[in-house]
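J.: The following block contains the structure, expressed as C-alpha cells.
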Amino acid sequence: MGGRLGFIGQRLVKAVFVILGIIVLNFLLIRLAPGDPALVLAGEAGAADPKFVDDLRREFGLDQPVWRQLMIYMGGILSGDLGFSYRQKAPILDLILQRLPQTILLTGTALAFAIVVGVSLGAMAARRVGSWADSIITTLALLVYAMPQFWLGLMLVLLFGVQLGWLPTFGMNTINSGFTGIDHALDVARHLVLPSLTLGLFFMAVYARLTRASMLEVADLDFVRTGRAKGLAEGRVQRRYILRNALLPVVTYAGLQAGYLVGGSILIETVFAWPGIGRLAFEAVLVRDYNLLLGIFIIASVLVIAFNLLTDILYTVVDPRIELGT
Amino acid sequence: MASRRQVLGSAAALLAGGTMGMPRLARAQQKRGGVLTAILNPEPPLLVLGLNQQAPTQLVAGKIYQGLLRYDFALKPLPSLAKSWTVSPDGLTYTFRLEEGVKWHDGAPFTADDVVFSCAKFLPEVHPRARATFERCESITAADKFTVVFKLKAPFEPFLYAFLPAGAPMMPKHIYDGTDYRANPKNATPIGTGPFKFREWVKGSHITLVRNDEYWKPGRPFLDGVTYRVIPDAAARALAVETGQVDLAQGNDVEAFDVPRLAKLAHLELSTKGYETVAPISWIEINHRTAPFSDKRFRQAMMHAIDRDFIVKNIFFGLGRPASGPINTATRFHDAKAIKRYPYDLKRAEVLLDEMGLRPGAGGVRARIKMMVLPYGEVWVRQAEYVKQALRRVGIDVTLESNDAGGWVKRIGDWDYETSFDFVSQFMDPAMGVARTYISSNIRKGVPFTNTMGYVNPRVDELFDKAPKQTDPAKAQAMYSEVQAILTEDVPVVWLTELEFPVLINKRFRNVNIDANGPNSEFDEAHLA
C-alpha cells in the first residue's frame with residue numbers, strides 16, 4: 001500500500017514539472033507565429049487604424065515584453081487564475097468549465113459504447129474463431145476502422161437526419177423547446193446519438209480487434225489449458241481465464257484514449273456543432289486567443305496525466321500480479 | 001443642390017412617418033408570433049455593436065442596437081431612430097429630429113444626449129470608421145431633448161451614409177458614460193433600442209433574442225424572437241437549411257456550390273439583396289514597391305490574363321459580378337463609362353509583358369511571383385488555384401502562400417508580401433470605403449485595409465479629397481468618374497469580383513430581407529407567412 005502511495009506521489013511531482021514545461025513551451029511557441037489577436041480582430045472587422053490595434057494590444061497586455069507577459073501569466077497560474085479570454089471577454093476557467101461537461105458526455109458515451117460493444121464483439125469473435133460470426137465481426141471492424149470519421153458522420157447524418165428524419169443533425173438540444181427533467185434528458189440523448197456513434201464506432205472497431213487478438217494469444221497459454229484440464233466450464237475459462245487476462249492491452253488503450261478524448265474531438269464537435277472543448281480549442285487557435293488555448297492545454301494535460309495514473313492503478317486490479325512502483 | 005434634395009427627402013420621410021421603407025404588400029396581414037432560427041458562423045466575440053462590428057456581431061446585434069438611419073436597396077436614407085433630418089444649404093449643418101418615446105431595453109428613455117454621447121465620445125474612442133467620420137465634426141450638440149445638430153468643419157456630402165447601425169450604433173449613455181467601455185460589465189448583457197432584447201448566449205451553441213414589448217414602433221416586432229444557432233461546419237449548415245432546422249442562412253453560411261441546389265427546394269427562397277451597404281470587391285492586392293509590380297503594364301497584363309466571368313460562374317456559382325474598377329456598381333458614383341476595360345485577352349497580356357522585356361524563359365516562364373491566399377474559407381483557395389493556372393498561361397508562375405488569419409493580416413499590414421488576395425467593403429460611398437485603399441495619406445505600415453500597396457498618384461489624392469466636399473452631386477460625379485478612369489488605367493490592384501452573398505430564407509417567413517443591410521437589419525417587419 002505504501003508502495004502504491006509513494007508511486008502516486010512520485011507521479012504527481014513529475015506531473016507538476018510536465019505541466020510547467022507545457023505552459024512555458026506553448027506560451028513561447030504560440031507567440032512565434034506572425035500576427036496576434038489584435039490583428040485577427042482588425043482583419044475580421046475589415047477596418048482598422050493604428051489606435052484600434054494599439055488599444056487592443058494594451059487591453060490584452062500584448063504591449064509588454066514577452067518575458068514580462070510570461071511572468072504575469074505564471075503568477076496568475078500559481079494563484080489559480082488561468083487568465084481572461086481576449087476574444088470571449090470571460091475568465092478562461094469559466095469558459096472551459098462550460099464546455100468540458102459536454103465533451104465528457106460525448107466522449108464518455110462514445111468510449112463506453114466502444115468498450116462495451118467492442119470488447120463483446122471481440123470476445124464473441126475470439127470464442128468462435130474461423131466461424132461466419134468471426135468473419136462478419138472482423139470484416140465490419142476493418143471496414144469501420146478504415147472509414148474516415150467525417151465521411152461516416154456525414155453518411156449517418158444523411159441517413160438518420162435527412163432521409164429518415166429520425167434524429168437531429170446538429171447541436172446538443174432543441175432550443176426554445178421548454179423541455180425540463182426527463183424530457184430534456186431525452187432531447188439531449190437524441191442529439192447525442194449521431195455524434196457519439198460516429199466517434200464510438202471507430203473505437204469500437206479498435207477494441208473488437210484488440211480483444212480478439214489478445215484473447216487468441218492468451219487462449220494458447222498453459223494456464224488456460226490447465227484450467228480446461230481441471231474440468232472448468234468453458235464459459236468460466238473464457239471469462240475468468242482468457243478475457244480477464246486479455247484485457248490489459250484494452251485497458252492501456254482505453255486509458256490513452258480517455259486522456260486524449262477529454263481534449264475533445266475537433267472533427268466530431270465541428271461536424272455536429274457540439275459545443276465541446278475541442279471546438280473551443282480549435283477556435284482559440286484560429287483567432288490566437290493565447291490565454292484560452294493555454295488554459296485548455298493545462299486542463300487537458302492535467303486530465304491526460306490523471307487518466308494515465310488511473311490506468312496504471314487499473315492494471316493492478318485487472319492483474320493482481322502487477323505491483324505499482326516496481 | 002444636394003442639400004435641397006436631401007431637405008426634400010427628409011420632408012417626404014416626415015410625411016411617411018415610421019412606416020417608410022416598409023413593403024406595402026406585407027402591411028396587410030402580418031401574423032404575430034413565431035421564432036425565426038438563423039445560422040451564426042463563426043461565433044462573435046461579443047454583442048456590443050459599438051465595440052465590435054464583425055459580420056457575425058452585426059447579424060445578432062443588428063436586432064438589439066439601432067442607428068439613426070436605415071437605407072433602402074438603392075441606398076436611399078430612410079428614417080430609423082431619427083424620424084427626419086435637414087441639411088443646411090452650405091452642407092455644414094446636419095440636424096436630426098429623433099423619435100420620441102423610444103426606450104432602452106432597461107427602460108431608460110432614449111434622448112439626444114445618447115446620440116451626442118455615442119457620436120462625440122463613445123464611438124470616436126473605440127470604432128475606427130466612426131472615428132474617421134466624426135472627426136469631421138466641429139461640434140455635436142443636443143438642441144433639445146429630441147434634436148441633435150452635427151456641425152462639420154468642412155462640407156462632407158456622404159455624411160448621411162455614416163448612420164448605419166454598424167457604422168454609428170446608438171449606445172446608452174447611462175450605462176457607458178464615465179466607464180471603461182471595453183471593460184464595462186454590462187457588455188455581457190447588451191442594452192439597445194432595437195426590436196429584440198438579448199436573453200441568453202450559450203457559448204458554442206446558440207444566442208436567443210426575444211421580442212422587445214416596449215419597442216417604439218407600434219405593433220412591432222411581429223416575431224416572438226430570433227434564435228441564432230452556431231454551426232461551424234459548412235455541410236452541417238447546408239443540411240440544417242435543407243431540413244428546415246434553421247430558417248435563414250446568409251453571407252458565407254452556405255458554400256456557393258450548394259446554393260443552386262438549395263434554392264430549388266420548395267420551402268426556400270433565394271435572394272442576393274441585402275449587402276448593398278457593404279458591397280465588397282475582391283481583388284489581387286499588389287505590393288508596388290518592387291519590380292515587376294511597380295510597372296503598371298505588369299498589373300494590366302494580369303487584368304487581361306484573368307477571366308473574371310469564369311470566376312463568377314465557376315467559383316462563385318453565379319453569385320457576384322465581374323469587377324472592372326474600384327467602385328462597385330452598387331456603390332454611389334460608380335461610372336461604367338469612365339472605366340478602362342480589360343477584356344480577357346491572353347495575347348494582349350503577353351504583348352504587355354513583352355513590352356516590359358519579360359520574355360518567356362525556361363518552361364515558358366516570364367516571371368515568378370508569390371501570392372497569399374485569403375485565410376477566410378475554401379472558396380478563396382479555389383479562386384487562388386484558378387488564378388495560378390490562369391497566370392501560368394501567360395508565363396507568370398505563381399507560388400501560392402498560405403497563412404492563418406493572424407499571419408495574413410500581419411503580412412499585409414507590414415507590406416511583407418508580393419501579391420495577395422483580399423476583399424474590402426465599400427460602405428455605400430467612395431469616401432467611406434474606397435478612398436482608403438488608394439490615397440497616399442493612408443499608407444500606414446502595420447495597419448491592414450489601408451493603402452498597403454504603396455500606390456501614389458497626387459491627382460487621385462486630390463480628387464478623393466475634393467469629391468466628398470462637393471454639395472453638387474454632378475460635380476462629385478465628375479470627380480469620381482475621373483478617379484475611376486485614372487485608377488483603371490493605373491490598375492493599383494487587380495479587381496476580380498463584386499461579391500454577392502446568398503440569403504436563403506424559409507418561406508414560412510416574410511419581410512425578412514427588406515433593406516440594404518439585409519440579414520443584419522432589425523427584423524422588426526419580419527413575420528410568419
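The values are calculated or read from the model by the stated rules, or taken from the named source; none is laboratory data. A quick note: this is a predicted structure, and the numbers were derived from the prediction, not measured. Reconstructed Cβ throughout: ideal geometry from the backbone, glycine too, with neighbour counts over all protein chains shown.
J.: Please work out which residue is farthest from B:Ala55 (Cα to Cα), limiting yourself to the range B:127-156 and to residues that are at pLDDT below 95 and crowded, with 20+ Cβ neighbours inside 10 Å.
T.: Among those residues, the one meeting the criterion is B:Thr133.
J.: Please verify whether B:Phe298 is touching a Pro at 6+ places or on another chain (Cβ under 9 Å), over 14 Å from B:Val503 (Cα atoms), away from chain A (no Cβ under 14 Å) and touching a residue at least 24 places away in the same chain (Cβ under 8 Å), treating the condition exactly as stated. Can you show your working first?
T.: On the way: touching a Pro at 6+ places or on another chain (Cβ under 9 Å): yes; over 14 Å from B:Val503 (Cα atoms): yes; away from chain A (no Cβ under 14 Å): yes; touching a residue at least 24 places away in the same chain (Cβ under 8 Å): yes.
It is true that B:Phe298 is touching a Pro at 6+ places or on another chain (Cβ under 9 Å), over 14 Å from B:Val503 (Cα atoms), away from chain A (no Cβ under 14 Å) and touching a residue at least 24 places away in the same chain (Cβ under 8 Å).
J.: Which condition breaks for B:Val312 when tested against (1) crowded, with 21+ Cβ neighbours inside 10 Å; (2) in contact with a Gly (Cβ under 8 Å, 6 or more places away or on another chain); (3) closer than 18 Å to B:Ile412 by Cα?
T.: Condition (3) is where B:Val312 drops out.
J.: Return the total of residues in the range A:155-175 being more than 21 Å from B:Ser205 (Cβ to Cβ) and at the interface with chain B (Cβ under 10 Å from one of its Cβ atoms).
T.: Summing the residues that are more than 21 Å from B:Ser205 (Cβ to Cβ) and at the interface with chain B (Cβ under 10 Å from one of its Cβ atoms) in the range A:155-175 gives 3.
J.: Consider the range A:246-305. How many of its residues are buried (at least 21 other Cβ atoms within 10 Å of the Cβ), more than 14 Å from every other protein chain (Cβ to nearest Cβ) and not in a helix (DSSP H, G or I)?
T.: Counting residues in the range A:246-305 that are buried (at least 21 other Cβ atoms within 10 Å of the Cβ), more than 14 Å from every other protein chain (Cβ to nearest Cβ) and not in a helix (DSSP H, G or I) gives 1.
J.: Continuing with the same structure: Could you please find all residues in the range A:61-116 being in a loop (DSSP other than H, G, I, E, B) and touching a residue at least 24 places away in the same chain (Cβ under 8 Å)? Steps first, answer last, please.
T.: Within the range A:61-116, the subset in a loop (DSSP other than H, G, I, E, B) is A:61-65, A:79-83, A:85-90.
Answer for the range A:61-116, where residues must be in a loop (DSSP other than H, G, I, E, B) and touching a residue at least 24 places away in the same chain (Cβ under 8 Å): A:Leu62, A:Leu82, A:Gly83, A:Ser85, A:Tyr86, A:Arg87, A:Gln88.
J.: Examine the range A:200-214 for a residue that is within 14 Å of chain B (Cβ to nearest Cβ), on the phi < 0 side of the Ramachandran plot and surrounded by 13 or more Cβ atoms within 10 Å (Cβ to Cβ), and state whether such a residue exists.
T.: Of all residues in the range A:200-214, those within 14 Å of chain B (Cβ to nearest Cβ) come to none.
Checked against the condition, which is being within 14 Å of chain B (Cβ to nearest Cβ), on the phi < 0 side of the Ramachandran plot and surrounded by 13 or more Cβ atoms within 10 Å (Cβ to Cβ), the range A:200-214 yields no hits at all.
J.: Return the residues of the range B:170-185 that are within 14 Å of another protein chain (Cβ to nearest Cβ) and touching a Phe, Trp or Tyr at 6+ places or on another chain (Cβ under 8 Å); say none if nothing qualifies.
T.: B:Tyr181, B:Asn184
J.: Here's another thing I want to ask about it. Which of the residues spanning the range B:181-225 are among the basic types (Lys, Arg), without any contact (Cβ under 8 Å) to a residue 24 or more places away in the chain and over 20 Å from B:Ser118 (Cα atoms)?
T.: Here is the first cut: in the range B:181-225, the ones among the basic types (Lys, Arg) are B:182, B:186, B:197, B:199, B:203, B:211, B:217, B:220.
Then drop every residue that is not without any contact (Cβ under 8 Å) to a residue 24 or more places away in the chain, which leaves B:186, B:211.
Of everything in the range B:181-225, just one residue is among the basic types (Lys, Arg), without any contact (Cβ under 8 Å) to a residue 24 or more places away in the chain and over 20 Å from B:Ser118 (Cα atoms), namely B:Arg211.
J.: Moving on. Being closer than 25 Å to A:Phe282 by Cα and among the small types (Gly, Ala, Ser) is the filter here, so list the residues in the range B:230-289 that pass it.
T.: Scanning the range B:230-289 gives B:Ala234, B:Ala235, B:Ala236, B:Ala238, B:Ala240, B:Ala249, B:Gly251, B:Ala256.
J.: Still on this structure, please answer the following. Go through the range B:380-423 and give me each residue that's of a type in the set (A, V, I, L, M, F, W, C), crowded, with 20+ Cβ neighbours inside 10 Å and more than 10 Å from chain A (Cβ to nearest Cβ).
T.: B:Ala384, B:Val387, B:Ala390, B:Leu391, B:Val394, B:Ile396, B:Val398, B:Phe421
J.: Looking only at helices (runs of 4 or more DSSP H) that lie completely in the range B:397-442, which have at least 2 residues being touching a residue at least 12 places away in the same chain (Cβ under 8 Å) and under 14 Å from the mean Cα position of the chain (by Cα)? Break it down stepwise before answering.
T.: Details: elements: B:405-413, B:430-433, B:435-438.
Hits in the range B:397-442: B:430-433.
J.: Does the range B:310-324 hold any residues that are assigned to a helix (DSSP H, G or I) and within 15 Å of B:Thr272 (Cβ to Cβ), and which are they? First the steps, then the outcome.
T.: First pass over the range B:310-324, keeping only residues assigned to a helix (DSSP H, G or I): B:310-315.
Answer for the range B:310-324, where residues must be assigned to a helix (DSSP H, G or I) and within 15 Å of B:Thr272 (Cβ to Cβ): B:Val312, B:Lys313.
J.: For the range A:151-185, what are the residues that are among the hydrophobic types (A, V, I, L, M, F, W, C), under 24 Å from the mean Cα position of the chain (by Cα) and part of a helix (DSSP H, G or I)?
T.: Selection gives A:Trp151, A:Leu152, A:Leu154, A:Met155, A:Leu156, A:Val157, A:Ala185.
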